[in-house]
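This report concerns only the one structure given below.
The values are calculated or read from the model by the stated rules, or taken from the named source; none is laboratory data. Since the model is a prediction, treat every value here as computed from it, not as a measurement. No Cβ is skipped: glycine too gets one built from the backbone with ideal geometry, and neighbour counts run over all protein chains shown. Note: accessible area is taken over every heavy atom of the protein model, side chains too, but ligands, DNA and RNA are not part of it. Shrake-Rupley method; radii C 1.70, N 1.55, O 1.52, S 1.80 Å.
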Amino acid sequence: MTRWTPDPTFYPSPRDAAGAPAEKLAYVAAFDRSASRPDAIAVIDTDPGSDGYGRVVGWTDLPHVGDELHHFGWNACSSALCPTAPHPHVERRYLIVPGLRSSRIYVLDTKDDPRNPRLVKEISAQELAAKADYSRPHTVHCGPDGIYVSALGAGTGGDGPGGIAVLDHTTFDVRGQWEHDRGEQYLAYDFWWHLTRDVLVTSEWGTPSMIEDGLVPDLLLGRRYGHRIHFWDLAKRTLVQSVDLGDQYQMTLELRPAHDPTKEYGFVGVVTSVEDLSASIWLWHRVGGEFAVTKVIDIPAEPADPAALPPALEPFGAVPPLVTDIDLSVDDRFLYVSCWGTGELKQYDVRDPFHPVETGSIRLGGVAGRVAHPSFPDEPLAGGPQMVEVSRDGRRVYVTNSLYGSWDDQFYPDGVGAWLAKVDVDPEAGGMTLDPRFFPHGDEFRGLRVHQTRLQGGDASSDSYCFP
């Protein structure tokens, strides 16, 4: 695991990362909604010159059922090159793969056979609970002093609070709970950081009982889902400030800080407003000595024939955008916003982060639209662009279509299917086009649904940098 020289996929700056070679493989979390078969990591060929381009070329089944793979991440990344990093010679070799329902965490080795990752360690739900007092592991980030894993629930004694557990970079043992003083923070979801400013940021979704069986209308209308983001002292592990977006803005989910380490701003997506079903994007930034949050993008609901809507939406006669993921290109130029409800992927130029300009849009699926991929025009699609991953050079965007099993069933009750699309981007002018050669879907995923994608060598949402 230890190298004499740094891993060649580590880059000191986002500029260096953007100039790196293109990925040849993508790893995709695939899960069985019925929990009767094991979940898997599917491996997709992303090399346009390969005979297997756009196809599933590798597959690793996990040993148990009922995990519901969701988000996952690399054991190490460019943060290992930060001046304070105590591990500059680790490798980007292992995928850290949590089961959101089972609370297990798997460690898969991709080095010897990248197309067929090998399971080398399993962390049980009992170990996670005993050592960190957390359950329902969610987001994984490689930090300068360990592997950070957010969790939605407490390990013992109730539904919450959620927070962050830390794993050892070398042994993958659970070190313990990250927070030293969580203050008023209770709900958890995503996290990321400004490493050079010793700031960690967290967001909110809900506790396990609030999300596991689907969206609960009473909780949504009662404004009980998360609507705050939190700012922490990364070194001291203490909560410094919480900012409330307003309780009408339900579910502050994905966090995307600027990759430029000299900047101290970032974007957070809000799934929906209970006042008008719109979605929104907010910018966090410094005002004086404290953080403020400003709404910079509003995305309205779209009118629809109630007959085309699932029962949950029929009374409204409209489809909410349901912004469930966002991603920021490594050069901090383009923000991608997935509207899972309407089936739209939006692209914004955010060089002026306070005034985003929409520069592109594509449609696939959607609750009412069911827009087909141009390569398969006779196949209406369910789901919509959901998880978004951007290549380091900003030229390729990958989108998958499943949100979370029980939520899929509410919004797409006739089935969500499984598909992965690739979008080609002009990194200078913007705009997006679907790659007609790249659309693994349906039976290629062996009856499983697909969620997050990770790219070989790193991507826009995996690495953080300490040099501009």
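For this structure, a couple of remarks:
- Any hit, segment 2-23, residues being farther than 25 Å from D168 by Cβ and part of a strand (DSSP E or B): no
- A search for C-beta distances below 7 Å between a residue of segment 282-301 that is farther than 30 Å from G317 by Cα and any residue that is assigned to a strand (DSSP E or B) and small (G, A, S), counting only pairs 6+ apart in sequence or on different chains, returns W284/G266; H285/A292.
- Within segment 36-58, tally of residues that are more than 22 Å from the chain's Cα centre (by Cα), outside any strand (DSSP E or B) and of a type outside the set (S, T, Y): 7
- The set of residues in segment 386-407 being in a loop (DSSP other than H, G, I, E, B), within 17 Å of F31 (Cα to Cα) and touching a strand residue (DSSP E or B) at 6+ places or on another chain (Cβ under 6 Å) consists of Q386, M387, N401, S402, L403.
- Each residue in segment 169-180 was checked for being open to solvent by 40 Å² or more (accessible area, probe 1.4 Å) and either among the acidic types (D, E) or in contact with a Ser or Thr (Cβ under 8 Å, 6 or more places away or on another chain) (or both), and 2 pass.
- Condition met for P63 (in contact with a strand residue (DSSP E or B) (Cβ under 8 Å, 6 or more places away or on another chain), open to solvent by less than 10 Å² (accessible area, probe 1.4 Å) and not aliphatic (A, V, I, L, M)): no
- Only one entry in P14, P98 is farther than 29 Å from K131 by Cα and under 21 Å from the mean Cα position of the chain (by Cα), namely P14.
- Condition check for G430 on (1) open to solvent by 10 Å² or more (accessible area, probe 1.4 Å); (2) closer than 29 Å to P38 by Cβ: one failure, at (2).
- From the list V270, V243, the one residue that fits, being over 23 Å from C466 (Cβ atoms) and in contact with a Leu (Cβ under 8 Å, 6 or more places away or on another chain), is V270.
- Across segment 408-417, the number of residues qualifying as touching a strand residue (DSSP E or B) at 6+ places or on another chain (Cβ under 8 Å) and open to solvent by less than 10 Å² (accessible area, probe 1.4 Å) comes to 2.
- Residue count for segment 446-468 satisfying the condition of being on the phi < 0 side of the Ramachandran plot and under 20 Å from the mean Cα position of the chain (by Cα): 16.
- Here segment 134-158 is the region considered, the condition is being more than 22 Å from E91 (Cβ to Cβ) and out of contact with any strand residue (DSSP E or B) (no Cβ under 6 Å at 6 or more places or on another chain), and the residue that is surrounded by the most Cβ atoms within 10 Å (Cβ to Cβ) is A154.
- Applying the set (1) without any contact (Cβ under 8 Å) to a residue 60 or more places away in the chain; (2) open to solvent by less than 30 Å² (accessible area, probe 1.4 Å) to G49 leaves exactly one unmet item: (2).
- Selection status of G369, within 24 Å of H441 (Cα to Cα), touching a Leu at 6+ places or on another chain (Cβ under 7 Å) and not acidic (D, E): no
- Count of residues meeting criterion [over 21 Å from the mean Cα position of the chain (by Cα), open to solvent by 10 Å² or more (accessible area, probe 1.4 Å), under 17 Å from E68 (Cα atoms) and touching a residue at least 40 places away in the same chain (Cβ under 8 Å)] in segment 101-131: 2
- For the condition in a loop (DSSP other than H, G, I, E, B) and open to solvent by 10 Å² or more (accessible area, probe 1.4 Å), H87 qualifies.
- Any chance D331 is within 23 Å of P300 (Cα to Cα), in a loop (DSSP other than H, G, I, E, B) and either of a type in the set (K, R) or open to solvent by 10 Å² or more (accessible area, probe 1.4 Å) (or both): no
- Any hit, segment 358-365, residues being surrounded by fewer than 20 Cβ atoms within 10 Å (Cβ to Cβ) and within 18 Å of L309 (Cβ to Cβ): yes
- Scope segment 144-177; condition among the acidic types (D, E) and touching a helix residue (DSSP H, G or I) at 6+ places or on another chain (Cβ under 6 Å); matching residues: D159
- Hey, R446 out of contact with any Pro (no Cβ under 9 Å at 6 or more places or on another chain) and open to solvent by 10 Å² or more (accessible area, probe 1.4 Å) or not: yes
- In this structure, A26 does not satisfy being open to solvent by 40 Å² or more (accessible area, probe 1.4 Å), touching a strand residue (DSSP E or B) at 6+ places or on another chain (Cβ under 7 Å) and either in a loop (DSSP other than H, G, I, E, B) or in contact (Cβ under 8 Å) with a residue 60 or more places away in the chain (or both).
- Some residue of segment 435-454 being in contact (Cβ under 8 Å) with a residue 60 or more places away in the chain, acidic (D, E) and part of a loop (DSSP other than H, G, I, E, B): yes
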